[in-house]
1. If we keep just the residues of the stretch 5-53 that are in contact (Cβ under 8 Å) with a residue 12 or more places away in the chain, part of a loop (DSSP other than H, G, I, E, B) and charged (D, E, K, R), which is farthest from M187 (Cα to Cα)?
2. Might you check whether a residue that is among the basic types (K, R), in a loop (DSSP other than H, G, I, E, B) and free of Cβ contacts under 8 Å to residues at least 60 places away in the same chain occurs anywhere in the stretch 152-159?
3. Quick test of your reading of the structure: W134 fulfils all but one of (1) touching a helix residue (DSSP H, G or I) at 6+ places or on another chain (Cβ under 7 Å); (2) crowded, with 22+ Cβ neighbours inside 10 Å; (3) in a helix (DSSP H, G or I); (4) not charged (D, E, K, R). Name the failing condition by number.
4. In the stretch 40-53, which residue that is modelled with pLDDT under 95 and not hydrophobic (A, V, I, L, M, F, W, C) is nearest to the chain's Cα centre (by Cα)?
5. Of the conditions (1) farther than 11 Å from I113 by Cα; (2) aliphatic (A, V, I, L, M); (3) part of a loop (DSSP other than H, G, I, E, B), V228 satisfies every one except a single condition; which number is it?
6. Would you tally the residues in the stretch 78-107 being at pLDDT 95 or above and either among the hydroxyl-bearing types (S, T, Y) or over 23 Å from S177 (Cβ atoms) (or both)?
7. Please identify the pairs in which a residue from the stretch 212-231 that is closer than 18 Å to A199 by Cβ and in contact (Cβ under 8 Å) with a residue 60 or more places away in the chain has its Cβ atom under 9 Å from the Cβ atom of a residue that is among the β-branched types (V, I, T) and outside any helix (DSSP H, G or I), counting only partners at least 6 apart or on another chain.
Amino acid sequence: MLRPLALAKFPHTSDRWDVMAWEMTALDLLEAAGIEVPSRRLVRVGERSVLVLRRFDRTESGGRVGYISAMTALGADDGDHRDYADIAAAMLDLSRSPKADHHALFDRVVASIALGNTDDHLRNHGFLADQGFWRLSPAFDVNPTPDPWRQRSTTILGADAPPDEAEALLPFADECSLGQESARARMLRIGTAISGWRAAAQRNGVPDSELTLFAEAIDTRLAALRAVAEG
C-alpha cells in the first residue's frame, strides 16, 4: 500500500522501452551529479516497472507545500514555447535565493542536454513556496530519448537540438549568475557523473537491447557537452 506522501507513476502500454526504469536512471544520475531530486524507488508489478516518488509538495505530516509550475510563473499557457532564459529571468523576482536557483537551473539544463531530456516543457519545472518567496523544486519528469536529434520543448537561448544546445550553455551561464570557468567546471562534473549511465541503467534492470538503442543519443550529446566544456 502506498503512503499518502508517495506518488506512483505507471508506463503506458504503448511505450517501446522501459520508460520508468529510464526515468529512475535519469534521477539516479542527476543525484550523482549533485542535483536535487525526489526520494524514489523502482518496483516491478508483473512485467512492468513502476516508479514510486516521494511527493516534495507535502510536509512530513502530509500538509501541503505551496507549488507553482514554471508555466504559472511565466504567465504562459499550455503549448507555449519559452526559453530557459525566461525562467532564469523570472527567478530574479520569484526566488528567495536567485543565485542559488540560477546555479541549480544551469546544472539541470546541462544534465537535460546530456541525457536527451527533450520533454522539458513548462509543466516539468516548478517552484516551492519558501518564506514568502519561491525556490526551485527538485528535478522531476526527466526522461531520456533515444533520438539523438530530437528537438527540446524549452529552448536554450533559442537552441533546441544538438550541437547548438550544448554550444548555448556558456552564453546561458551569464543568465544564471555564473562565470565562464565555473560554468565549464560544472559541465565537466555533470558530464562525468552522467557518463556512468550504462551501469546506472543496468542497476535498474534496463536490458542490453535498450542500452544499444539509447547509446548513440546519450554518447553523442555527452561528446558535444565535453567539447564545449573543454573549449
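The values are calculated or read from the model by the stated rules, or taken from the named source; none is laboratory data. None of these values were measured; they are calculated from a predicted model. FYI the Cβ positions are ideal-geometry reconstructions off the backbone, even for glycines, and counts take in every protein chain you see.
1. Looking at residues that are in contact (Cβ under 8 Å) with a residue 12 or more places away in the chain, part of a loop (DSSP other than H, G, I, E, B) and charged (D, E, K, R), I get D18.
2. Looking only at the stretch 152-159, we keep the residues that are among the basic types (K, R), and these are 152.
Still in the list and also in a loop (DSSP other than H, G, I, E, B): 152.
Now narrow it down to the ones that are free of Cβ contacts under 8 Å to residues at least 60 places away in the same chain: 152.
Checked the stretch 152-159: at least one residue is among the basic types (K, R), in a loop (DSSP other than H, G, I, E, B) and free of Cβ contacts under 8 Å to residues at least 60 places away in the same chain.
3. (3)
4. S49
5. (3)
6. 3
7. Qualifying pairs under 9 Å: F214/T145; F214/V206; A217/T145.
Conditions (1) among the hydroxyl-bearing types (S, T, Y); (2) touching a Cys at 6+ places or on another chain (Cβ under 7 Å); (3) in contact (Cβ under 8 Å) with a residue 24 or more places away in the chain, marked per residue:
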{"position": "S95", "(1), (2), (3)": "yes, no, yes"}
{"position": "H103", "(1), (2), (3)": "no, yes, yes"}
{"position": "V109", "(1), (2), (3)": "no, no, yes"}
{"position": "L115", "(1), (2), (3)": "no, no, yes"}
{"position": "D120", "(1), (2), (3)": "no, no, yes"}
{"position": "R123", "(1), (2), (3)": "no, no, yes"}
{"position": "F127", "(1), (2), (3)": "no, no, yes"}
